[in-house]
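Everything below concerns the one structure shown next.
The values are calculated or read from the model by the stated rules, or taken from the named source; none is laboratory data. Remember, predicted model here, so these are calculated numbers, not experimental data. Neighbour counts are summed over all protein chains in view; Cβ atoms, including those assigned to glycine, are modelled from backbone coordinates with ideal geometry.
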Amino acid sequence: MSTRRTFIKQSALATTIAAAGGISMSENLTAMPENIIAKPTKPVVISTWNFGVQANSAAWEILSKNGTALDAVEAGVKVTEADPAIQSVGYGGFPDRDGRVTLDACVMDEKGNCGAVVFLEHIMHPVSVARAVMEKTPHVILAGEGALQFALANGFQKENLLTAESKVAWEKWCKEHQYSPMKIDRDNHDTIGMLALDAHGNVSGACTTSGLAWKMHGRVGDSPIIGAGLYVDNEVGAATATGKGEAVIKMCGSFLIVELMRNGKTPAQACKIAVERLAKQQPDHKDFQVGFLAINKRGETGGYAIAKGFQYAVHNGENVLIDAEYLVKE
Ligand code: ASP
């Protein structure tokens, strides 16, 4: 999946963009030289982690043909949901401590419409069920058995999402941990959050995950929670999150970032301030990871994390993977 072209460091991207004369610097940004603003551009799609590169390609297929941001983010994250090698999202995701794969997902469009499913089992594409909740019901969130019933009634197929590989990993965990609830550290979880600005100037987002590996049965993280794992405001931009969901829910991370952008911060600045806010609120933040991503109406993008290692992919005609800046320098 990765090529030398797609794996470039943030500093290298900054250089590339600066050379292209595309950086828009604000006064505040000069005090934060490590934060780049990707050049204003339209359309553009961004998504979390290295699997975002492949997901961005699917989204770009739609965006580059004048498609909508909503269609693009749905198509993009479906690639990740269907990939059994990605054991933190969709099919092949690690199960909870009872051996059940339970999925969380949401979408939000340029009109402020949103839909989500939480604690959904047996459905390959929870993001599409979330979209159906948004488009076909008067509700925002459907959970568990009710979400499954709704999915089946709307033509989704019931499938076994627990792959042999993930089952083996779960059996090993069972032996080693005797069913004790996990401390949430930096491993065993990731999410695809994707944000897009289309050629019409509209912003939408999607977020989908199997959540924490070996979580307590019934646990739901930030990813399907509007304002926490995802938020879109078409006047301003959008934000999404990955990492310890409990930490993101406590500070309404994505909503906060959009509000910071509304008040003039760039996406990179807003993500950094949100991480700083989280760190101040949660003194144990050094023990876990959270990463934020944001996009504004001009097509500027940015990301920031608590710890080293968070990557995100940006596609605006060229698909690049960026190492995000981070707070805790160890
Ligand atoms: N935010 C997800 C959750 O808490 C996990 C992750 O993105 O790492 O379920």
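The table below gives the values:
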{"item": "Every residue from region 153-200 that is in a loop (DSSP other than H, G, I, E, B), more than 23 Å from the chain's Cα centre (by Cα) and closer than 24 Å to GLY291 by Cβ", "result": "PRO181"}
{"item": "Condition met for VAL53 (in a helix (DSSP H, G or I), more than 16 Å from the ligand (Cβ to nearest atom) and β-branched (Val, Ile, Thr))", "result": "yes"}
{"item": "Criterion (farther than 27 Å from PHE310 by Cβ and under 18 Å from the mean Cα position of the chain (by Cα)) met by exactly one of VAL133, VAL129", "result": "VAL129"}
{"item": "Unmet requirement for ALA72, which otherwise passes all of (1) more than 21 Å from LYS111 (Cα to Cα); (2) of a type outside the set (Ser, Thr, Tyr); (3) over 12 Å from the mean Cα position of the chain (by Cα); (4) modelled with pLDDT of 95 or more", "result": "(1)"}
{"item": "Residues (within 16 Å of the ligand (Cβ to nearest atom) and hydroxyl-bearing (Ser, Thr, Tyr)) located in region 149-199", "result": "SER166, THR191"}
{"item": "When residues of region 94-112 are limited to those that are in contact with a helix residue (DSSP H, G or I) (Cβ under 6 Å, 6 or more places away or on another chain) and in a loop (DSSP other than H, G, I, E, B), the one farthest from ALA199 (Cα to Cα)", "result": "GLY99"}
{"item": "Residue within region 177-184 that is at pLDDT 95 or above and in contact with an Asp or Glu (Cβ under 8 Å, 6 or more places away or on another chain) present", "result": "no"}
{"item": "Entirely in region 221-320, the helices (runs of 4 or more DSSP H) that have 3 or more residues that are under 23 Å from VAL127 (Cα atoms)", "result": "245-250, 253-262"}
{"item": "One residue from ILE257, ILE249, ILE225 being free of Cβ contacts under 8 Å to residues at least 40 places away in the same chain and surrounded by 19 or more Cβ atoms within 10 Å (Cβ to Cβ)", "result": "ILE257"}
{"item": "Residue check, ALA239 more than 14 Å from the ligand (Cβ to nearest atom) and crowded, with 24+ Cβ neighbours inside 10 Å", "result": "no"}
{"item": "Pair list, Cβ < 6 Å and 6+ apart or interchain, from region 199-214 residues that are within 12 Å of GLY243 (Cα to Cα) to residues that are of a type in the set (D, E, K, R) and within 12 Å of the ligand (Cβ to nearest atom)", "result": "THR209/ASP104; GLY211/ASP104"}
{"item": "Test: residue in region 72-93 that is part of a strand (DSSP E or B) and touching a residue at least 40 places away in the same chain (Cβ under 8 Å)", "result": "no"}
{"item": "Sole exception among (1) closer than 20 Å to ILE86 by Cβ; (2) within 16 Å of the ligand (Cβ to nearest atom); (3) at pLDDT 95 or above; (4) not in a strand (DSSP E or B) for HIS217, by number", "result": "(1)"}
{"item": "Failed item, numbered, when ILE86 is tested on (1) within 26 Å of ARG219 (Cα to Cα); (2) buried (at least 24 other Cβ atoms within 10 Å of the Cβ)", "result": "(2)"}
